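Below is one structure; the comments refer to it alone.
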Amino acid sequence: MSLKHVSPLAGLLSAALLLTGCFSETDKNPGKTADQRLRLAMLQPPRSGLTPLSDDAFKLSRWSTTETLVTLDKLGEAQPALATTWQQTGDNSWRFELRHGVRFHDGSLLDAATVVNALTVAAHAAPKPRILDGVQLTAVADGEQTVKVTTAQPDPLLPQRLSSPQLAILSQKAYRPGGVVDPRHAGSGPFELMQVNGTSNARLERFGGYWGEKAKASGIDVSFVPDGTARGAALRTGAADIVEAIPVSQAPLLDQKLIHEVPMPRTNTLYLNTRLGVMRDPALRAAVRDAINRQQLVDNVYEKRADVALGLLGPALPWAAPLRQPVSPPVAARKPAGETITLATFSDRAELPEVAVYLAQQLTAAGFSVKQVVREYSQIESDALAGKFDAFILSRATVLDSGDPVAYMYSDFACKGSFNIAQLCRPDIDQALQKASVIPAGAQRRQAIMQAENLILATDAAIPMLHERVIQGESADIRDAVRDPRERTLINAATQRVVQAD
């Protein structure tokens with residue numbers, strides 16, 4: 001649905017009318033009740049037929065129709081879900097006790113065979129779910145309600161890994177020949193997925209047989225609305241109750257009581273090339289560090305809807321800031337003498353080219369000569385990874401599906417990291433990351449992560465500028481929508497729409 005060729009007013013009205021048509025007719029004249037259907041406008045349509053083995057898994061998770069063996073708390077530590085307890089039984093093996101009495105939407109019961117089937121399909125999928133990249137996982141039944149999971153290498157984060165929505169446990173009937181996974185009537189959550197109409201909409205109903213707290217809402221009507229203007233209009237006109245990812249440009253047009261900013265584990269970072277070009281000089285990297293006006297970027301590009309970065313890890317990881325220590329001593333900056341910097345970024349994320357413009361101005365004022373390069377991501381990634389730019393602006397997710405930042409740090413800053421745009425190679429950083437990687441989840445691991453962050457920041461190879469937020473819209477009638485930095489949950493059993501009759 002594109003509104004590019006209509007007037008702004010007509011576009012907003014059209015969007016509202018179109019979205020109203022996507023939702024249930026019974027919701028147009030509600031009485032006083034807490035048993036209302038929830039009308040949800042989502043950013044992206046399904047890309048892979050809603051198979052949980054793809055990124056579509058996060059949609060199923062956000063609708064609370066599929067569930068995993070464990071979930072994560074705010075600290076990223078594993079909590080019971082379909083598994084009630086677990087223990088490590090060897091360097092490479094774990095034992096999970098399953099919850100009794102869990103019934104799938106098709107009426108079948110959760111047991112060890114069902115879990116083994118789901119995990120085995122995921123482990124042998126092509127392509128694998130990204131949470132299993134580099135992981136050789138085997139699951140076998142150890143009794144009717146117990147599963148033993150082993151990995152080729154020791155994995156202290158295995159419980160966290162199994163929290164990924166891509167490793168959701170579906171009933172055995174969901175798994176079809178040819179690698180097809182159909183999530184309809186196959187989950188175990190408080191809402192049952194009934195119907196999916198391509199990339200247009202989906203319908204879910206309350207599942208009366210849910211093992212936990214029953215859903216307060218009678219169902220969910222989902223509409224996929226890629227156009228940001230249309231999503232904003234849906235909230236403003238009341239056509240949707242909950243709206244994903246409202247663009248920053250639309251936020252000022254909406255009732256501020258209806259929008260909620262959720263910190264994201266995503267940092268807008270300037271990567272400096274430590275191997276080639278003028279940024280090999282630590283003193284010039286320090287000059288770049290000192291020249292950046294983060295507040296100007298937050299105020300002007302993100303319209304104050306972002307957070308100034310003090311480190312690689314931001315407010316979405318609430319444990320990071322209390323553990324962060326200042327870099328001591330920071331490298332002293334050298335005054336630039338007109339050295340030329342090639343500053344690059346990509347156009348796929350609308351804010352980044354504008355960030356590049358402001359950075360170019362700031363660096364020019366500091367004494368550098370700046371050349372800008374902006375391309376689509378698919379056309380610039382290989383050059384960035386090959387070290388062809390002096391500086392590269394990247395909006396980077398700092399935790400992956402395990403809820404832990406070590407994998408991101410290794411990828412970006414280890415000598416053999418696969419995404420090392422800064423071309424950084426420091427034995428002390430590699431040692432710190434290796435140390436953190438083998439510590440089980442908990443306070444000691446978090447301390448080790450922050451020690452590694454400190455070493456990375458000391459190099460000025462990556463200069464964190466700001467932490468992004470996502471803007472979530474909720475009508476005044478909505479209660480208990482979930483505001484999840486990891487974007488795993490949006491609607492749960494407690495979410496409801498309470499409408500007062502006139």
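The values are calculated or read from the model by the stated rules, or taken from the named source; none is laboratory data. Predicted model only: the values in this text are computed from it and were never measured. Note that we place each Cβ from the backbone using ideal geometry, even for glycine, and neighbour counts take in every protein chain shown. Heavy atoms of the whole protein, side chains included, go into the accessibility calculation; ligands, DNA and RNA do not. Shrake-Rupley method; radii C 1.70, N 1.55, O 1.52, S 1.80 Å.
Within region 383-394, can one find any residue that is within 30 Å of residue 155 (Cα to Cα), surrounded by 14 or more Cβ atoms within 10 Å (Cβ to Cβ) and under 25 Å from the mean Cα position of the chain (by Cα)?
In the first step, residues of region 383-394 are kept if they are within 30 Å of residue 155 (Cα to Cα); the result is 385, 394.
Pick out the ones that are also surrounded by 14 or more Cβ atoms within 10 Å (Cβ to Cβ) and you get 385, 394.
Checking which are under 25 Å from the mean Cα position of the chain (by Cα) leaves us with 385, 394.
Yes, region 383-394 contains at least one residue that is within 30 Å of residue 155 (Cα to Cα), surrounded by 14 or more Cβ atoms within 10 Å (Cβ to Cβ) and under 25 Å from the mean Cα position of the chain (by Cα).
Being part of a helix (DSSP H, G or I), buried (at least 17 other Cβ atoms within 10 Å of the Cβ), aliphatic (A, V, I, L, M) and within 24 Å of the chain's Cα centre (by Cα) narrows it down to one residue among 441, 436; which is it? If you could, list the steps in order and put the result at the bottom.
Values: 441 fails: part of a helix (DSSP H, G or I).
Every option except 436 fails the conditions.
Residue-by-condition table, conditions (1) outside any loop (DSSP other than H, G, I, E, B); (2) touching a helix residue (DSSP H, G or I) at 6+ places or on another chain (Cβ under 9 Å); (3) open to solvent by 20 Å² or more (accessible area, probe 1.4 Å):
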site: 147; (1), (2), (3): yes, yes, no
site: 166; (1), (2), (3): yes, yes, no
site: 183; (1), (2), (3): no, yes, no
site: 187; (1), (2), (3): no, yes, no
site: 196; (1), (2), (3): yes, no, yes
site: 222; (1), (2), (3): yes, yes, no
site: 232; (1), (2), (3): yes, yes, no
site: 236; (1), (2), (3): yes, yes, yes
site: 239; (1), (2), (3): no, yes, no
Which members of region 72-102 meet the condition of being under 22 Å from the mean Cα position of the chain (by Cα), surrounded by fewer than 19 Cβ atoms within 10 Å (Cβ to Cβ) and not in a loop (DSSP other than H, G, I, E, B)? 79, 80
Among the candidates 33, 84, 68, 114, single out the residue that is at pLDDT below 95 and more than 22 Å from residue 472 (Cβ to Cβ). 33
For residue 252, all conditions in the list (1) crowded, with 17+ Cβ neighbours inside 10 Å; (2) under 26 Å from the mean Cα position of the chain (by Cα) hold save one; what is the number of the exception? (1)
Residues of region 400-423 satisfying the condition of being over 15 Å from residue 272 (Cβ atoms), in contact (Cβ under 8 Å) with a residue 24 or more places away in the chain and open to solvent by less than 20 Å² (accessible area, probe 1.4 Å): 401, 402, 403, 404, 405, 406, 409
Among the residues of region 262-284, write down those that are under 15 Å from residue 370 (Cα atoms) and either open to solvent by 20 Å² or more (accessible area, probe 1.4 Å) or of a type in the set (Gly, Ala, Ser) (or both). 277, 278
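Per-residue answers, yes or no, for (1) hydroxyl-bearing (Ser, Thr, Tyr); (2) on the phi > 0 side of the Ramachandran plot; (3) assigned to a strand (DSSP E or B):
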position	(1), (2), (3)
330	no, no, no
335	no, no, no
338	no, yes, no
345	yes, no, yes
356	no, no, no
